[in-house]
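Below: the structure, in structure tokens.
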Amino acid sequence: MRELVRPDVLILDDFAMSQLSAAQADDLYELVSERQGRSLIITSNRAPSDWYPLFLNPVVAESLLDRLINTSHQVIMNGPSYRPNKRPKNPTDQSK
């Protein structure tokens, strides 16, 4: 945990991809609490409002997400994903 608390900026990429276990949620809560006042960048393919059901304990969810959502600057990016352009081409696909 000390390794994750120490950096000036911490990036959590692809946050909220799947449900968190109770232990994972508790660890994340501890991390966010310990990092208070330091930069935390979160990327997610889900809207923040969709994060709540991913936590088993609604009290932890409310407390953690209050810190993440209500005290943050959000940059919402809408549009097509760049990922399809980065996929390897199928050599047997003659349609492109």
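What follows is calculated from the coordinates using simple rules that are stated; it is not laboratory data. This one's a predicted model, so the numbers in the text were calculated from it and none came from an experiment. FYI the Cβ positions are ideal-geometry reconstructions off the backbone, even for glycines, and counts take in every protein chain you see.
Relative contact order of the chain: 30 percent, from C-alpha pairs under 8 Å at least 6 residues apart in sequence. Paramagnetic label reach from residue 43 (point 7 Å along Cα→Cβ; backbone nitrogen cut-off under 20 Å): within the range 1-34, residues 4, 7-19. Taking label points 7 Å from Cα along the Cα-to-Cβ direction, residue 50 and residue 78 give a separation of 1.4 nm. Shown for 29, 82: other C-beta atoms within 10 Å of each C-beta, ranked fewest to most, produce the order 82, 29. Comparing 75, 59, 32 in a Gaussian network model of the chain where C-alpha atoms under 10 Å apart are linked, the largest mean-square fluctuation is found at 75.
Phi angles across the range 66-77 convert, under the Karplus curve 6.51 cos²θ - 1.76 cosθ + 1.60 with θ = phi - 60°, into 3J(HN,Hα) values of 4, 5, 6, 8, 7, 10, 10, 9, 10, 10, 9, 10 Hz, Gly and Pro given as x. Taking only the alpha carbons of the chain, we obtain Rg and Dmax values of 16.9, 53 Å in that order. Using 0.36 nm per residue and subtracting the Cα-Cα separation, the extra length available between residue 57 and residue 89 on full extension is 7.2 nm. What is the angle, in °, between the Cα long axis of helix 22-34 and the longest principal axis of the Cα atoms in the chain? Nearest 10 is fine, range 0 to 90. Roughly 70 degrees, rounded to the nearest 10.
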